[in-house]
Amino acid sequence: MTPASFLERTAPFAFTLGLFVFWEAVCQLFGVNPIILPAPSAIVEATVTHWKPLLRHSGATMWTTLAGFAIAVAFGVVLGMIVGWSRAIYRGLYPVMVGFNSIPKVAVVPILVIWFGIGEIPAILTAFLISFFPIVVNVATGLATTEPELEDVLRALGARKLDIILKVGIPRAQPYFYGSLKVAITLAFVGSVVSETIAANSGIGYLMSVAGTNFQMPLVFAGLIALAIEGIAMYALFAFIEMRTTRWAFRSSFAAGG
Amino acid sequence: MTLTYAGASGGGVTAVQGLDLNVERGAFAAVVGPSGCGKSTLMKLATGLVRPTAGRIAVDEAVVEGPVKIAGMAFQNANLLPWRTIRDNVLLPLEIVEPHRRRFRRNKAEYAERADGLLALVGLDGFAERFPWELSGGMQQRTSLCRALIHEPALLMLDEPFAALDAFTREELWCVLRDLWARIGFTVVLVTHDLREAAFLADTVHVMSARPGRIVASRAIDLPRPRELDVCFEPEFVDIVHDLRSRISEVRQ
């Protein structure tokens with residue numbers, strides 16, 4: 001560790017703290033209406049008073065997000081492997097997937113509500129629908145970009161397609177896969193909260209929309225902060241898993257084929 | 001071992017045509033030629049990765065109809081798997097080729113010993129546990145040679161294996177390849193741009209022309225073996241390189 005790294009390590013905390021101090025100062029100095037923008041102190045107060053419902057609804061959001069994310073991982077890996085397996089399937093499915101991905105998922109929620117009613121299931125499915133795409137693309141890319149020369153070496157030895165996928169494709173796709181999990185979990189959060197806001201009776205999204213209609217702005221912002229904390233925690237978890245599982249990809253200049 | 005090619009075309013463009021090449025068992029053949037003359041197609045034909053549209057390819061008197069399995073290959077890029085140690089990279093072919101494939105799990109220790117022996121032979125003693133990114137380009141290429149030889153192939157196909165290395169490392173690896181060949185005695189087909197490399201290593205140098213690629217001249221190199229690097233500065237050697245160079249200039253016209 002070099003001396004400069006102390007500054008680097010503390011910088012994220014210093015900046016976050018600084019942001020809240022600045023926010024508080026602006027609210028106090030200009031006397032901002034708490035209906036427009038509550039000060040951090042008011043948000044903390046709301047968090048303390050309403051900690052029970054906040055915790056319960058956070059738990060609900062966490063559950064729907066993780067459930068949708070788990071389905072997305074399973075589905076994304078399988079579809080990614082199918083797509084990465086052959087060029088024909090890749091070319092056939094790609095436009096369909098891009099088209100599907102470009103639909104704003106908010107537009108799908110009413111349909112899901114008609115199918116499954118108000119509640120958890122639309123939230124889980126929205127989280128799934130919004131987050132599987134990056135997993136599919138990354139797994140497929142990892143498989144499809146195997147160096148052709150390496151494939152020749154193995155094929156000349158009599159390797160079958162399955163051998164090449166197992167020995168080269170899957171290990172090679174791993175850094176792509178773990179990288180995509182970071183993106184997917186964040187998206188899954190977006191999906192479940194969007195769905196909760198529109199049609200649910202639990203979850204942070206529901207809590208925020210109810211608090212909003214009652215003009216309890218500090219509670220709305222407390223919900224936002226709770227979401228941010230959950231999001232950061234999940235992102236950090238998957239970034240950590242990524243580092244641990246594919247150390248070789250960070251060490252080697254992967255793109256240079258080293 | 002006899003390889004006979006007689007014309008082949010791929011995907012509308014005729015890559016090689018009327019190409020006749022014979023390599024005796026245990027011989028060291030080099031193929032030189034201008035870029036785009038179908039050298040890579042030749043590699044793929046000989047190993048059975050590509051089927052000829054016309055003509056006949058035979059390795060060891062048997063007509064090639066699919067991947068030949070008795071060939072080892074190495075390319076300009078070492079193409080090592082970054083998540084495997086050097087030893088596991090070398091062992092990769094044994095996980096594919098029969099009969100090793102079936103025996104691999106049970107006899108891992110025995111095979112690992114074999115890999116370490118081969119690594120020692122190319123001067124990579126003690127690097128078996130390292131990862132590819134910890135090694136220099138020349139060392140990676142040595143590993144790639146070991147990987148091409150671990151399953152004891154009768155035929156070694158090399159596609160410009162030293163082209164990406166600096167001049168000193170390249171000459172070092174010429175000697176590594178020379179010694180491996182003298183010791184193990186496989187058949188080599190070396191595709192290269194480097195005329196000095198071809199003349200230093202090979203028994204026979206074949207000159208290819210471009211589009212459609214075919215062998216326009218073959219020249220036996222009768223310099224005595226074992227050859228040391230100093231041979232490169234002898235007038236006889238210089239004459240050979242000069243001669244090869246003028247033949248290539250002819251086909252480039």
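The values are calculated or read from the model by the stated rules, or taken from the named source; none is laboratory data. These numbers were taken from a predicted model, which means no experiment stands behind them. Using ideal geometry, Cβ is built from the backbone for each residue, glycine included, and neighbour counts are taken over all protein chains shown. These area figures cover heavy atoms from the full protein model, side chains too; ligands, DNA and RNA do not enter into them. Shrake-Rupley method; radii C 1.70, N 1.55, O 1.52, S 1.80 Å.
Pairing each residue of segment A:221-234 that is in contact (Cβ under 8 Å) with a residue 40 or more places away in the chain and over 14 Å from A:V193 (Cβ atoms) with any residue that is open to solvent by 30 Å² or more (accessible area, probe 1.4 Å) and assigned to a helix (DSSP H, G or I), provided the two are 6+ apart or on different chains, yields C-beta distances under 6 Å for A:A222/A:T47.
Kindly provide the set of residues from segment A:155-174 that are facing chain B (nearest Cβ under 9 Å) and within 19 Å of A:F238 (Cα to Cα), ordered by number. Within segment A:155-174, A:P171, A:R172, A:Q174 meet the criteria. Of the residues making up segment B:116-138, those that are without any contact (Cβ under 8 Å) to a residue 12 or more places away in the chain and either more than 17 Å from B:N79 (Cα to Cα) or more than 14 Å from every other protein chain (Cβ to nearest Cβ) (or both) are B:G117, B:A120, B:D125, B:G126. Scanning segment B:84-115 for residues that are in contact (Cβ under 8 Å) with a residue 12 or more places away in the chain, closer than 21 Å to B:P67 by Cα and among the β-branched types (V, I, T) returns B:V90, B:V97. Out of curiosity, is A:A156 more than 28 Å from A:T65 (Cα to Cα) and of a type in the set (A, V, I, L, M, F, W, C)? Spelling it out, A:A156 is indeed more than 28 Å from A:T65 (Cα to Cα) and of a type in the set (A, V, I, L, M, F, W, C). Taken over segment B:194-253, the criterion of being among the polar types (S, T, N, Q) and within 21 Å of the chain's Cα centre (by Cα) is satisfied by B:T204, B:S209, B:S218.
Once segment A:175-193 is narrowed to residues that are in contact with a Phe, Trp or Tyr (Cβ under 8 Å, 6 or more places away or on another chain) and within 14 Å of another protein chain (Cβ to nearest Cβ), the residue that is most open to solvent (accessible area, probe 1.4 Å) is A:Y178. Considering segment B:23-51, the residues that are within 14 Å of B:V188 (Cβ to Cβ) and open to solvent by 50 Å² or more (accessible area, probe 1.4 Å) include one that is modelled with the highest pLDDT, namely B:R25. Might you let me know whether segment B:190-198 holds any residue that is under 26 Å from B:S136 (Cβ atoms), in contact with a Lys or Arg (Cβ under 8 Å, 6 or more places away or on another chain), at pLDDT 85 or above and among the hydrophobic types (A, V, I, L, M, F, W, C)? Checking segment B:190-198: at least one residue is under 26 Å from B:S136 (Cβ atoms), in contact with a Lys or Arg (Cβ under 8 Å, 6 or more places away or on another chain), at pLDDT 85 or above and among the hydrophobic types (A, V, I, L, M, F, W, C).
Please specify each residue of segment B:80-100 satisfying the condition of being at the interface with another protein chain (Cβ under 9 Å from one of its Cβ atoms) and out of contact with any Gly (no Cβ under 7 Å at 6 or more places or on another chain).
As a first pass, look at segment B:80-100 and keep what is at the interface with another protein chain (Cβ under 9 Å from one of its Cβ atoms): B:80-84, B:92-93, B:95-98.
Once the filter is applied, which keeps residues that are at the interface with another protein chain (Cβ under 9 Å from one of its Cβ atoms) and out of contact with any Gly (no Cβ under 7 Å at 6 or more places or on another chain), segment B:80-100 yields B:L80, B:L81, B:W83, B:R84, B:L92, B:P93, B:E95, B:E98.
Of A:V96, A:V78, A:V73, all but one fail to be under 16 Å from A:L187 (Cβ atoms) and in a helix (DSSP H, G or I); the exception is A:V73.
Taking into account only those residues within segment B:152-172 that are farther than 14 Å from B:L80 by Cβ and buried (at least 21 other Cβ atoms within 10 Å of the Cβ), which is farthest from the other protein chains (Cβ to nearest Cβ)?
Step one: filter segment B:152-172 for residues farther than 14 Å from B:L80 by Cβ, giving B:152-160, B:162-163, B:165-172.
Okay, now just the ones that are also buried (at least 21 other Cβ atoms within 10 Å of the Cβ), so B:153, B:155-159, B:162.
Details: B:P153: 9, B:L155: 10, B:L156: 11, B:M157: 8, B:L158: 12, B:D159: 8, B:F162: 15 Å.
My answer is B:F162.
Residues being under 30 Å from A:P171 (Cβ atoms) and open to solvent by less than 50 Å² (accessible area, probe 1.4 Å) are entirely absent from segment A:33-47.
Taking only segment B:139-150 into account, find how many residues are within 11 Å of chain A (Cβ to nearest Cβ), in contact with a helix residue (DSSP H, G or I) (Cβ under 8 Å, 6 or more places away or on another chain) and either assigned to a helix (DSSP H, G or I) or open to solvent by 20 Å² or more (accessible area, probe 1.4 Å) (or both). Residues in segment B:139-150 being within 11 Å of chain A (Cβ to nearest Cβ), in contact with a helix residue (DSSP H, G or I) (Cβ under 8 Å, 6 or more places away or on another chain) and either assigned to a helix (DSSP H, G or I) or open to solvent by 20 Å² or more (accessible area, probe 1.4 Å) (or both): 3 in total. The requirement of being within 14 Å of chain B (Cβ to nearest Cβ), part of a helix (DSSP H, G or I) and open to solvent by less than 30 Å² (accessible area, probe 1.4 Å) is not satisfied by A:P122.
Residue count for segment A:195-254 under the criterion of being within 18 Å of the chain's Cα centre (by Cα), open to solvent by 40 Å² or more (accessible area, probe 1.4 Å) and of a type in the set (F, W, Y): the result is 2.
For beta carbons closer than 8 Å, sequence separation of 6+ or different chains, a first residue in segment A:144-155 that is more than 18 Å from B:V97 (Cα to Cα) and a second that is hydroxyl-bearing (S, T, Y) and modelled with pLDDT of 80 or more, the qualifying pairs are A:A144/A:Y90. When restricted to residues that are within 14 Å of another protein chain (Cβ to nearest Cβ) and either touching a Cys at 6+ places or on another chain (Cβ under 6 Å) or surrounded by fewer than 22 Cβ atoms within 10 Å (Cβ to Cβ) (or both), segment A:125-149 contains 5. Within segment B:176-225, the set of residues being in contact (Cβ under 8 Å) with a residue 12 or more places away in the chain, among the acidic types (D, E) and surrounded by fewer than 20 Cβ atoms within 10 Å (Cβ to Cβ) comprises B:D179, B:D194, B:D203.
Which members of segment A:108-118 meet the condition of being open to solvent by less than 60 Å² (accessible area, probe 1.4 Å) and either in a helix (DSSP H, G or I) or closer than 19 Å to A:V190 by Cβ (or both)? Can you show your working first?
Restricting attention to segment A:108-118, the residues satisfying the condition of being open to solvent by less than 60 Å² (accessible area, probe 1.4 Å) are A:108-109, A:112-113, A:117.
Hits for segment A:108-118 are A:V108, A:V109, A:L112, A:V113.
Residues in segment A:81-97 that are touching a helix residue (DSSP H, G or I) at 6+ places or on another chain (Cβ under 9 Å) and of a type in the set (A, V, I, L, M, F, W, C) were compared, and the one that is least open to solvent (accessible area, probe 1.4 Å) is A:V83.
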